[in-house]
Structure formats: C-alpha cells, structure tokens
Amino acid sequence: KQEVTQIPAALSVPEGENLVLNCSFTDSAIYNLQWFRQDPGKGLTSLLLIQSSQREQTSGRLNASLDKSSGRSTLYIAASQPGDSATYLCAARMDSNYQLIWGAGTKLIIKP
Amino acid sequence: DTAVSQTPKYLVTQMGNDKSIKCEQNLGHDTMYWYKQDSKKFLKIMFSYNNKELIINETVPNRFSPKSPDKAHLNLHINSLELGDSAVYFCASSQGLAGGELFFGEGSRLTVL
C-alpha cells in the first residue's frame, strides 16, 4: 500500500534563505507526482507536476525533483519570501489505478 | 475567470438537515472529484467522476450522493447531516484520470450544529 510522507510537518526559516521540502513514497510505481500549496482558508494551488519519466520541473523560484528509485521528491524554494508561507502538499498518482495518494503537508513559515 | 468554482463557500446548518454543494469547472476537463478536508487538514478523496460516470467511491456514507449532470458540473448532496460531517469540502478537476494537473476550487466550509 502506497504511503506518502512529508517531513518535517512544520518549518520556520528567515526570509531570503533557500530551502528544501521533502516528500517520500513507499511504492515507486507512480505515474506522476504533484506539488501544491494551500493558504489558510483557501483551496489548493498546483505548483508543479512531474511525470514519472522526468527528473525535475522548474517554475520561477521553485524546482521540484523526482527520484523514483529512492522514493523521493523534493521541492526547492530559492530566496524565500514571506509570501511563500503556506502549507505545501505533495501527492503521488499511482501507475496501477491512477489514484492520488496525499502527504499530510509541511507548514512553512517565512519570517521577515 | 475562476477555473473551478464551488457554491456556497460557507454553509451552517442543523443536524438532520439536507444540503447541497455545487461545483462547476470551465477548463474543459472530463474528470472531477470531491475531497473532504477535516480539522487536522488531512485531505481525503470521496468521489471521482470521469465523463459523468462514477469511477471512485471511497468508503463514504450513502448519505452523500454526488450528481454529475454534465462533464462541467459535479454536485454533492448530503442527507441527514451529522456533526461529524463538519469539514471543508473541495471540488477538483483534471484532464483524464491519469493525470493531468489537478485544479481545486476554493472549498466549501460546512458546519453542522
């Protein structure tokens, strides 16, 4: 059974720092993996989608990597800003039935 | 122009009542979903529809009944509301089950008193 884990559950860093959020999965037979952010009281916003054949995707200051063999994806945020404060979730879509398995999220706080 | 829109955004009601949440997407997607996010912020799939057909029906009480009149709409009707139904309900859509990007609505916060 696929399990998706995000550690740490919460992270607080000063503004301007580069940081990495982690997402690990137990079953490497994934179709793709998607990163989202959720602001308090809001819906989820898609950040990056990585297909299983890809190693990384970039959008602005965000870079997501995928290593299926080690069961790991990372979300790299460069030059963090207070506006990056949110909960970041990853979700792995299974190859077998296309079901999406969610991590519990990492709550990120960027201190001005 | 909102891609995935849900109404109402807030819903406060008494136990035992019946309520509906509506969802519409203008992205041309053929797959739509309902998710429940509880107080601990954990996201759980409830239903998935592809081309108006039910694909995923997780272990959700049969008091919850989704209805998809067309590909662009997926409504959620809840009968005999219980306290434990209080949560935020999210609608989402994607192009195909396999997966394109998932796009979410802003959520509908249901409070059952």
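Only a single item in (1) within 14 Å of chain B (Cβ to nearest Cβ); (2) open to solvent by less than 60 Å² (accessible area, probe 1.4 Å); (3) within 25 Å of B:THR2 (Cβ to Cβ) is not met by A:LYS42, and it is number (2). Looking across the stretch B:12-26, the residues that are part of a strand (DSSP E or B) and either surrounded by fewer than 19 Cβ atoms within 10 Å (Cβ to Cβ) or over 17 Å from the mean Cα position of the chain (by Cα) (or both) come down to B:VAL12, B:THR13, B:LYS19, B:SER20, B:LYS22.
Take A:THR58 and decide whether it is over 18 Å from B:SER93 (Cα atoms), within 13 Å of chain B (Cβ to nearest Cβ), among the polar types (S, T, N, Q) and in contact with a strand residue (DSSP E or B) (Cβ under 9 Å, 6 or more places away or on another chain). Please lay out each step first, then the result.
Working: over 18 Å from B:SER93 (Cα atoms): yes; within 13 Å of chain B (Cβ to nearest Cβ): no; among the polar types (S, T, N, Q): yes; in contact with a strand residue (DSSP E or B) (Cβ under 9 Å, 6 or more places away or on another chain): yes.
In short, no.
Selection of the stretch A:13-34 for residues being within 14 Å of chain B (Cβ to nearest Cβ), open to solvent by less than 70 Å² (accessible area, probe 1.4 Å), under 16 Å from A:GLU56 (Cα atoms) and over 9 Å from the mean Cα position of the chain (by Cα) yields A:ILE30, A:ASN32.
Residue by residue, here is whether (1) more than 9 Å from chain B (Cβ to nearest Cβ); (2) of a type in the set (Gly, Ala, Ser); (3) free of Cβ contacts under 8 Å to residues at least 60 places away in the same chain; (4) open to solvent by 40 Å² or more (accessible area, probe 1.4 Å) holds:
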{"residue": "A:LYS68", "(1), (2), (3), (4)": "yes, no, yes, yes"}
{"residue": "A:ARG72", "(1), (2), (3), (4)": "yes, no, yes, yes"}
{"residue": "A:ALA78", "(1), (2), (3), (4)": "yes, yes, no, no"}
{"residue": "A:GLY83", "(1), (2), (3), (4)": "yes, yes, yes, yes"}
{"residue": "A:ALA91", "(1), (2), (3), (4)": "no, yes, no, no"}
{"residue": "A:TRP102", "(1), (2), (3), (4)": "no, no, no, no"}
{"residue": "A:ILE110", "(1), (2), (3), (4)": "yes, no, no, no"}
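Number of residues in the stretch B:64-80 that are part of a loop (DSSP other than H, G, I, E, B) and among the polar types (S, T, N, Q) equals 2. Counting the residues of the stretch B:49-63 that are assigned to a strand (DSSP E or B), open to solvent by 60 Å² or more (accessible area, probe 1.4 Å) and closer than 24 Å to B:SER86 by Cβ gives 1. Among all residues of the stretch B:27-40, there is at least one that is exposed (fewer than 14 other Cβ atoms within 10 Å of the Cβ) and at the interface with chain A (Cβ under 10 Å from one of its Cβ atoms). With a requirement of 1 or more residues that are within 17 Å of B:LYS40 (Cα to Cα), the strands (runs of 3 or more DSSP E) lying completely within chain A that satisfy it span A:10-14, A:30-38, A:44-51, A:86-94, A:100-102, A:106-111. Inside the stretch B:81-112, residues that are in contact (Cβ under 8 Å) with a residue 60 or more places away in the chain and either part of a strand (DSSP E or B) or more than 10 Å from every other protein chain (Cβ to nearest Cβ) (or both) make up a count of 17.
How many residues are surrounded by fewer than 16 Cβ atoms within 10 Å (Cβ to Cβ) and in contact with a Gly (Cβ under 9 Å, 6 or more places away or on another chain) if we restrict to the stretch B:80-113? Walk me through how you get there before you give the answer.
Filtering the stretch B:80-113 for residues surrounded by fewer than 16 Cβ atoms within 10 Å (Cβ to Cβ) gives B:80, B:82-84, B:95-96, B:98, B:111, B:113.
Going one step further and asking which of them are in contact with a Gly (Cβ under 9 Å, 6 or more places away or on another chain), we end up with B:80, B:82, B:95.
Selection size over the stretch B:80-113: 3.
The values are calculated or read from the model by the stated rules, or taken from the named source; none is laboratory data. Keep in mind that what you see is a predicted model, and the values were worked out from it rather than measured. Note that we place each Cβ from the backbone using ideal geometry, even for glycine, and neighbour counts take in every protein chain shown. These accessible areas exclude ligands, DNA and RNA; they are computed on the full protein's heavy atoms, side chains included. Shrake-Rupley method; radii C 1.70, N 1.55, O 1.52, S 1.80 Å.
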